[in-house]
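Structure, as structure tokens:
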Amino acid sequence: MKILVINAGSSSLKYQLIDMETEEVLAKGLCERIGIDGHLKHSPLVGGKPVFNEDLPMPTHSEAIAAVIEKLTSPEYGVVSSMSEIDAVGHRVVHGGEKFASSVRIDDSVMAALEECIPFAPLHNPANITGINACKAVMGDVPMVAVFDTAFHQTMPGKAYMYAVPYEYYQNDGIRRYGFHGTSHRYVSARCAELMGKPIEDLKIITCHMGNGSSIAAIDHGKCVDTSMGFTPLVGLPMGTRCGDLDAGVIQFLMNKYGYSIDEMLNILNKKSGVLGISGVSSDFRDLDAAADAGNERARLALDMFEYWVAKVAGSYVAAMNGVDAIVFTAGVGENSKGTRAGIAKYFGYLGVEIDEAANSKRGEDVMISTPDSKVKVFVIPTNEELVIARDTRDIVG
Ligand code: ADP
């Protein structure tokens, strides 16, 4: 069975074609500037075919999908001989609200429910829906599955997901913590249990997804019981450009003082804050590491704040779960920045965590970076959201 995994953004579309017999990625790629002009980078990973990396007109997502299918099946760049070899499509969908606690086969009622979730993710869900419709237009009746960023967090109890605002905002408007990156937290927690050789039902795990956007999840006996992102991905940790937790009074103060509209204010909090805002250098942790090494104090402060917040939120999850067996780092920063990992782990002395420097220097593989006698185990596990989407699609389509 071969499954096409699609992650559609407003002007971009990432894809992977995965052979589910071996879970090997046959090809992957990225369409960019959809609706503007259009560019496709298509990388076949089997058969020794060349990479295609050129501008192509893409007025809508339909042309983008058509170009992807054309390349996947072409004699020169292809990895399958025809579209009929693609058995199913798995779509990443950002927000499933309270309707979807797991992945689901897409039909008309699911499409209607996705539309209903648009107010919760006004930028992301419309793009995901456009991607699904474009696939339907080009691929016809091929079965399709939606896999939600929010679904894994639906097991949180009310005490974790409720905000202390008048209850009717939850009842009438769905105002609550939803959480994001669920597919990643699910993958790395399951992989962590595998690496520990124990059923996930016997473990308390804290997963730290640290990329451009960052979130932490508390996973108690296989179920998410808390996570740091909320109604939107803006809160929790300070991130690349997002502010993380912030007193709402600051918003009122700045809007009054500088006459910002709410859109201008949120743009500052989403795009100009986080480690970029603090350092004034960059949102990229590689640049921050270099600047801090060169003596830039604000870059050092930004890194210190990030590490402190990860440790502080993770510590609150140790309290929430009354203990922890393993802590996992994943995503761009978690997988690559040994300095950030070491900086965070310094706060975990009270857990009996000790980091093995040689293991912490490895890259690109699943690795336990705590010493063998460390009481709480610490792992680096490269995330693989596409594989989770493909597996769910296979399981649902059969
Ligand atoms: P996204 O949230 O966009 O999916 P990623 O998980 O790919 O992000 O993470 C991207 C971030 O990873 C970059 O902004 C950068 O800060 C960080 N990163 C990537 N490589 C390294 C590295 N070698 N050292 C430190 N940080 C890195």
> When you go through (1) at pLDDT below 95; (2) on the phi < 0 side of the Ramachandran plot one by one for K28, which number turns out not to apply?
Replying inline: (1)
> Would a scan of region 205-225 turn up a residue that is without any contact (Cβ under 8 Å) to a residue 24 or more places away in the chain, in contact with a Gly (Cβ under 8 Å, 6 or more places away or on another chain) and not aliphatic (A, V, I, L, M)?
Replying inline: no
> Only one of R341, R298 is basic (K, R) and open to solvent by less than 10 Å² (accessible area, probe 1.4 Å); which?
Replying inline: R341
> Residues in region 38-50: is at least one touching a Phe, Trp or Tyr at 6+ places or on another chain (Cβ under 8 Å), open to solvent by less than 20 Å² (accessible area, probe 1.4 Å) and aliphatic (A, V, I, L, M)?
Replying inline: yes
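Conditions (1) buried (at least 20 other Cβ atoms within 10 Å of the Cβ); (2) modelled with pLDDT under 95; (3) within 22 Å of A193 (Cα to Cα), marked per residue:
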site: Y308; (1), (2), (3): no, no, no
site: G323; (1), (2), (3): no, no, yes
site: A326; (1), (2), (3): yes, no, yes
site: F329; (1), (2), (3): yes, no, yes
site: F379; (1), (2), (3): yes, no, yes
site: D395; (1), (2), (3): no, no, yes
>> Restricting to region 97-129, and then to whatever is without any contact (Cβ under 8 Å) to a residue 12 or more places away in the chain and outside any helix (DSSP H, G or I), can you tell me which residue is nearest to the chain's Cα centre (by Cα)?
In response: P122
>> I need every pair where a residue in region 230-259 that is within 23 Å of I175 (Cα to Cα) has its Cβ under 8 Å from the Cβ of a residue that is among the aromatic types (F, W, Y) and part of a loop (DSSP other than H, G, I, E, B), sequence separation at least 6 or different chains.
In response: G230/Y163; G230/Y178; F231/Y163; F231/Y178; P233/F180
> Restricting region 207-239 to residues that are in a loop (DSSP other than H, G, I, E, B) and farther than 19 Å from M305 by Cα, which is farthest from the ligand (Cβ to nearest atom)?
Replying inline: H221
> What strands (runs of 3 or more DSSP E) completely inside region 1-85 contain at least 1 residues that are out of contact with any Gly (no Cβ under 7 Å at 6 or more places or on another chain) and in contact (Cβ under 8 Å) with a residue 60 or more places away in the chain?
Replying inline: 2-8, 13-19, 24-32
> Quick one: would you say T183 is open to solvent by 30 Å² or more (accessible area, probe 1.4 Å) and of a type in the set (S, T, N, Q)?
Replying inline: no
> Just a yes or no: is a residue in region 342-351 assigned to a loop (DSSP other than H, G, I, E, B), within 15 Å of the ligand (Cβ to nearest atom), free of Cβ contacts under 8 Å to residues at least 40 places away in the same chain and not charged (D, E, K, R)?
Replying inline: no
> Filter region 277-288 for residues that are open to solvent by 50 Å² or more (accessible area, probe 1.4 Å) and not in a loop (DSSP other than H, G, I, E, B); which is farthest from the ligand (Cβ to nearest atom)?
Replying inline: I278
>> Among the residues of region 311-327, are any touching a residue at least 40 places away in the same chain (Cβ under 8 Å), within 16 Å of the ligand (Cβ to nearest atom) and of a type in the set (F, W, Y)?
In response: no
>> So, G179, is that one within 11 Å of F152 (Cβ to Cβ) and without any contact (Cβ under 8 Å) to a residue 60 or more places away in the chain or not?
In response: yes
> Does region 350-373 contain at least one residue that is surrounded by 23 or more Cβ atoms within 10 Å (Cβ to Cβ), of a type in the set (S, T, Y) and more than 21 Å from L195 (Cα to Cα)?
Replying inline: no
>> All but one of (1) within 30 Å of C117 (Cβ to Cβ); (2) open to solvent by 30 Å² or more (accessible area, probe 1.4 Å) hold for A64; state the number of the condition that does not hold.
In response: (2)
> Which of the following residues is touching a helix residue (DSSP H, G or I) at 6+ places or on another chain (Cβ under 6 Å) and within 16 Å of the ligand (Cβ to nearest atom): V388, V376?
Replying inline: V388
>> Restricting to region 153-179, and then to whatever is closer than 20 Å to E116 by Cβ and of a type in the set (F, W, Y), can you tell me which residue is surrounded by the fewest Cβ atoms within 10 Å (Cβ to Cβ)?
In response: Y169
> Which is over 15 Å from the mean Cα position of the chain (by Cα) and either modelled with pLDDT under 95 or open to solvent by less than 30 Å² (accessible area, probe 1.4 Å) (or both), of I132, I216, I200?
Replying inline: I132
> What is the one condition in (1) within 25 Å of I206 (Cα to Cα); (2) away from the ligand (no atom under 15 Å from the Cβ); (3) in contact with a Leu (Cβ under 9 Å, 6 or more places away or on another chain) that M265 does not satisfy?
Replying inline: (1)
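The values are calculated or read from the model by the stated rules, or taken from the named source; none is laboratory data. Keep in mind the model is a prediction, meaning the values are calculated, not measured. Heads up, the Cβs are rebuilt from the backbone with ideal geometry, glycines too, and the neighbour counts pull from every protein chain shown. Note: accessible area is taken over every heavy atom of the protein model, side chains too, but ligands, DNA and RNA are not part of it. Shrake-Rupley method; radii C 1.70, N 1.55, O 1.52, S 1.80 Å.
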